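Here, each number is a calculation from the coordinates, and none is a lab measurement. Not measured: the values here are computed from a predicted model. Don't worry about glycine lacking a Cβ; one is built from the backbone with ideal geometry, like all the others, and counts go over all protein chains shown.
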Amino acid sequence: MTSNALEKLVGSGDDLVVFNVNSHARREIVDLGDRFRVVEAPPCGWATQDSAFVIREQTVVVSDGRMENDLLRVLWDERGLLTSIWDKVADREVLSAGSRGNLLQLFEDNPARWDAWDIDIDYQDHGVDLLDLSAHQVERSGLRGAVRFTREFGRSRFTQQMVLDAGSRVLRFECHVDWHEDHKLLKVAFPVAVRSPRATYEIQFGHVERTTHTNTSWDQARFEVCGHRWADLGEAGYGVALLNDCKYGYDIRGSVMRLSLLRAPTHPDPTADRGGHSFTYALMPHPGDFRQAGVIAAAEDLNAPLRIARGSANAGQRRSLIEVDTPQVIVETIKRAEDSDATVVRLYEAWGGRTKATLRTTLPATRATLCDLLERELEEVPLHDGEIDLELTPFKILTLKLEP
């Protein structure tokens, strides 16, 4: 269905057209099969690519035990564990002194009740670090650097490709797991050189804060935190974000950031989650606050890769269906109305602050109205030359209906 829709938009031909569903402009490295290439795309739209060029700074150098671009230098030991992530811009180390990052940890997981739903706190007392490395291979360098690690434990096999793109702060770990454990919980840990009493976790249409200590019984009870695409631990002037594309459980204690990767319950399904899994998580060190550093946008990009199509569009042609003039406001949905030919646009304030924003659209629109989540009209809003001025309070969700 997606391929048919793209073909109708771009037609047939050999021109490279890039589609971006997110509400911020993007410039990234993409894999065209036979080569890597730098491409660009506008917010909520598409662009035909001109001839790309690569400057010297847009490279990743990979050797045995070392990978770096112009922003980060990553080192690992003979066991494939990270020993250093040096931030060249901030001139500081990301990992805690003497620690190892990207450490897989396997725990006994036997909840007293609700086997498939609960995680009991005593799992922390019964775990082992997975240190043995069965294979290690440097994949490539250039616009994209990659190193492959393979670990075998129990009856399972964990293959991971560590990827760093030119000009990127996001260190990705693309994982493929053949999982055949029983009553086990698999986590990955990153001890980071950041100290804060609170960490921030994304939820739908916003984020929440949770403590990183166990000073009270309430804090102790929050040993596992539900979250969506990112969690961030930040101190004054610097922070580290842990991103993922499909996991929902984090725990951050002290300066150790962990993500829950896999479980293996036996009730009510004795084979639940066994078999093949593919997922990606990523570490993003950043100067400043996570809002201005672009953590939210980076997590969106990890979860919604650029789509590539070949067509007959003119070189340099680009169109953005919806664009907002501030990264503080994110377009979550663009869809056809349930009961008319109008277009529904849902957006929200993502930073937890008050802001004014201007929405611009190239869609045919003669009238704009604010609606509730069921698309029932509430009030008309001024629309001038495709622009709508909006005012949002913290984490406010707005639904607009644009009538042609």
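In this Cβ point-charge picture (+1 for Lys and Arg, -1 for Asp and Glu), the chain has a dipole of about 700 debye about its Cα centre.
Size of the dipole of the range 321-403 about the Cα centre, Lys and Arg at +1 and Asp and Glu at -1 on the beta carbon, nothing else charged, in debye to 20? Write down the numbers at each step before the final one.
Numbers: 10 positive and 17 negative charges, 51 e Å.
My answer is approximately 240 debye.
Centroid-to-centroid, using Cα positions, the range 93-136 and the range 233-305 are 14 Å apart. For N215, project a label point 7 Å along Cα to C-beta. Then give me every residue of the range 184-207 with its amide nitrogen under 15 Å of that point. Hits in the range 184-207 for N215 at 15 Å: 196-199. Length available on full extension from Q161 to K8: 0.36 nm per residue minus the Cα-Cα distance, which gives 51.6 nm. For the chain, the number of Lys pairs with C-alpha atoms closer than 28 Å, counting only pairs eight or more positions apart or on separate chains, is 11. Cβ crowding within 10 Å ranks H277, H213 as H213, H277, fewest other Cβ atoms first. Exposure proxy ranking for Y123, Y248, based on other Cβ atoms within 10 angstrom of each Cβ and starting from the fewest, stands as Y248, Y123.
Please find the FRET efficiency linking L363 to E152, where r is the Cβ-Cβ separation and R0 is fixed at 41 Å, and quote it to the nearest 0.05.
Details: r = 52 Å, r/R0 = 1.28.
FRET efficiency, L363 to E152: 0.20.
Only helical DSSP H runs with n ≥ 4 go in: add -39500 (n - 2.57) per run for the chain, normalise by residue count and round the 222 nm mean residue ellipticity to 500 deg cm²/dmol. Spell out each step's value before the answer.
Numbers: 4 runs with 27 residues, N = 404.
Here the helix-only value at 222 nm equals -1500 deg cm²/dmol.
For an R0 of 45 angstrom, estimate the FRET efficiency from the Cβ-Cβ distance between L374 and V89 and round to the nearest 0.05. Display every interim value, and only then the final one.
On the way: r = 46 Å, r/R0 = 1.03.
Given R0 = 45 Å and the Cβ-Cβ separation, E is 0.45.
Projected label points at R113 and V138, each 7 Å from Cα along the beta carbon direction, are separated by 5.5 nanometres. Considering only S156, H277, L71, and ranking their Cα positions along the charge dipole of the chain that arises from unit charges at the beta-carbon of Lys, Arg, Asp and Glu, the one farthest toward the positive end is L71. Farthest toward the positive end of the dipole of the chain, out of A337, P364, G145, is the Cα of G145, where the dipole comes from beta carbon charges about the Cα centre.
Could you rank the peptides 160-168, 196-204 by their average count of other C-beta atoms within 10 Å per residue, with the highest value first? Provide the component values of the computation, followed by the final result.
Numbers: 160-168: 21.4, 196-204: 17.0.
Order by mean packing, descending: 160-168, 196-204.
The residue list Q49, V128, Y250 was ranked by how far each Cα lies along the charge dipole of the chain toward its positive end, using unit charges on Cβ atoms, and Q49 comes out on top.
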